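Here's the structure, in structure tokens; my notes come after.
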Amino acid sequence: MSSMHHVAGNDLVLLQNGAEYFPLLCADIDAAQQSVYLETYIFAADGAGRMVADALQRAALRGVVVRVLLDGYGSAELPQPWVEQLQQAGVQVQWFRREIYRFRMRRHRLRRLHRKLVVIDGRVAFVGGINIIDDVSAHEQPSAPRLDYAVRVQGALAGQVHAVMRRLWRMVSWASLRRRGKDIRGQVSTDGASQIMLLLRDNLRHRRDIERAYLKAIAGAQREVLIANAYFLPGRAFRRTLKQAVRRGVRVVLLLQGKVEYRLQHYATHALYEQLLAAGIEIYEYQPGYLHAKVAVVDGQWATVGSSNIDPFSLLLAREANLVVRDAGFAGGLRASLFDAIERDALHIDATHWRRLNFVARALMRLSYGAVRMLVGVLGRRRH
């Protein structure tokens with residue numbers, strides 16, 4: 001486990017993978033006295049799911065208000081007996097857009113709750129990319145743990161997380177009662193000069209907050225940009241900003257998915273390799289397991305950890321939450337962890353990668369990229 005960093009009145013601990021995350025999360029839930037709010041995309045019926053479910057039930061049984069918000073698609077395989085067991089213990093469970101299985105193709109029904117947030121008593125929060133699922137699922141190959149991160153926050157920022165989660169809970173409650181309510185939000189810091197910020201991505205006021213934070217940090221980079229992202233399919237503006245950084249003499253390093261998880265996105269990302277490599281960007285692919293991280297470090301001073309991928313689906317359709325921290329100690333710890341993964345577990349993709357591919361592989365990548373862009377074009381049409 002990483003050391004604690006004190007940033008602007010908050011104590012931060014960087015957590016890598018479920019082995020560090022779940023024991024600390026459950027210990028904090030066991031210490032809850034008033035309330036526990038939990039939002040997740042995936043809540044799996046496995047060992048990690050049982051550990052967290054048991055902690056939630058223990059809290060509810062001793063009188064703590066426990067509210068769990070699950071994505072209707074990502075958590076669709078959670079067995080009904082698990083849900084009923086939570087509810088019988090007093091845990092309140094709601095679903096975000098569970099009607100995904102009963103829909104006619106409408107864009108608004110494809111919007112997902114992808115953020116992974118927990119807040120306990122309004123004083124301790126967890127922000128990151130780790131779902132409630134074992135690091136290695138029984139059906140997955142390879143069998144190495146996913147690489148992922150979360151941050152434990154104790155301090156004033158936890159109160160902001162609490163307010164954000166309470167408001168979304170109320171909005172989903174109104175929707176379930178077929179009432180029309182506004183998606184009201186509290187004040188979430190987006191001041192670039194702040195040392196610590198909670199950034200949201202939604203379909204109203206915060207559509208581009210996370211993307212803009214990335215672009216601003218990269219545009220201001222002087223030495224190094226390090227990005228680890230599970231599903232990396234940036235738009236033109238993002239790619240242009242990365243290339244401009246390289247031209248200024250900045251080292252740009254990408255740690256990307258090495259294993260095929262979702263074929264369309266995987267091959268679409270590979271279609272970008274030629275231009276990224278030609279621009280002088282370094283690309284590494286994580287090999288032992290699935291990469292699930294959505295993190296970045298700029299100049300060893302600026303860091304972000306959260307749920308948002310750098311792809312059009314996260315940036316157009318999903319509710320996301322990222323923590324941004326300006327602190328050399330915290331950023332240095334994340335940087336060291338990522339470079340350790342690169343040195344031990346990643347394959348360097350060199351400039352000859354594209355030239356070694358045959359015509360069929362190149363065509364598949366280009367077709368995949370075209371299919372993704374076409375789908376984004378259809379889904380991204382705004383309705384005011």
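For the range 17-26, what does the Karplus curve 6.51 cos²θ - 1.76 cosθ + 1.60, with θ = phi - 60°, yield as ³J(HN,Hα) per residue in whole Hz, taken in order and with x for Gly and Pro?
With coefficients 6.51, -1.76 and 1.60, one gets 6, x, 4, 8, 6, 5, x, 6, 4, 5 Hz.
Assuming R0 = 51 Å, can you tell me the calculated FRET efficiency for the pair GLU84 and ASP11, based on Cβ-Cβ distance, to the nearest 0.05?
Details: r = 37 Å, r/R0 = 0.73.
In this case the efficiency is close to 0.85.
Ordered by residue, what ³J(HN,Hα) values in Hz, to whole numbers, does the range 54-63 give under the Karplus form 6.51 cos²θ - 1.76 cosθ + 1.60, where θ = phi - 60° and Gly and Pro are x?
Couplings: 4, 5, 4, 5, 4, 5, 5, 5, 9, x Hz.
For the range 38-79, which trypsin sites (Lys or Arg not before Pro) pass both filters: DSSP loop (anything but H, G, I, E, B) and at most 16 other C-beta atoms within 10 Å? Write down the numbers at each step before the final one.
Numbers: sites: ARG50, ARG58, ARG62, ARG67; in loops: ARG62.
Sparse-neighbourhood loop trypsin sites (Lys or Arg not before Pro): ARG62.
For the range 292-308, just list the computed ³J(HN,Hα) in residue order, Karplus coefficients 6.51, -1.76 and 1.60, θ = phi - 60°, integers in Hz, with x standing in for Gly and Pro.
Per residue, the Karplus-derived 3J(HN,Hα) values read 10, 5, 9, 9, 7, 9, 10, 6, x, 10, 10, 9, 9, 9, x, 10, 8 Hz.
If the chain between GLN275 and ASP340 were fully stretched, how many nm would it gain, using 0.36 nm times the residue separation less the Cα-Cα distance? Each step should come with its number before you reach the end.
On the way: separation 65, 0.36 × 65 = 23.40 nm, distance 2.63 nm.
So the extension gain works out to 20.8 nm.
Using mean Cβ contacts within 10 Å as the protection proxy, how do 116-129, 6-19, 335-348 order, highest first? It would help to have the intermediate numbers written out before the result.
Numbers: 116-129: 24.1, 6-19: 18.6, 335-348: 16.1.
Packing order, densest peptide first, comes out as 116-129, 6-19, 335-348.
Using a simple spin-label model with points 7 Å from Cα along the Cα→Cβ vector, what separation in nm is obtained for ALA156 and ALA237?
With each label placed 7 Å out from Cα toward Cβ, I get 3.0 nm.
Which value in nm describes the separation of the simple spin-label points at LEU24 and ALA328, placed 7 Å from the Cα toward the beta carbon?
2.3 nm
Below 8 Å, C-alpha to C-alpha, sequence gap of six or more: please give me the relative contact order for the range 4-176 in percent.
Working: 322 pairs, mean separation 53.0, N = 173.
Computed value for the range 4-176: 31 percent relative contact order.
Which GluC sites (Glu not before Pro) does the range 30-89 hold that lie in a coil by DSSP with at most 10 other beta carbons within 10 Å?
On the way: sites: GLU39, GLU77, GLU84; in loops: GLU77.
Here the sparse-neighbourhood loop sites are GLU77.
Give the average over all directions of the projected area of the C-alpha convex hull of the range 4-176, one decimal, in nm². Write down the numbers at each step before the final one.
Numbers: hull surface 42.6 nm².
The orientation-averaged projected area of the Cα hull of the range 4-176 comes to 10.6 nm².
If I model a spin label at MET4 and ARG223 as a point 7 Å from the Cα along the Cα→Cβ vector, what separation in nanometres do I get?
Between MET4 and ARG223, the label points sit 2.8 nm apart.
Straight-line reach from LYS116: which aspartates and glutamates have Cα under 13 Å away, leaving out those fewer than 8 places along the same chain?
Output for LYS116: GLU39, ASP71, ASP148, GLU320.
Can you list residues whose amide H is under 5 Å from GLY258's amide H, if they're 5+ apart or on another chain and H is modeled 1.01 Å from N?
The list, which skips near neighbours in sequence, is TYR286, LEU291.
Bear in mind these aren't lab numbers, they're just calculated from the coordinates by the rules spelled out. What you are looking at is a predicted structure, and each value in this text was computed from that prediction instead of being measured. Every residue, glycine as well, gets a Cβ built from its backbone with ideal geometry; the counts of neighbours run over all protein chains shown.
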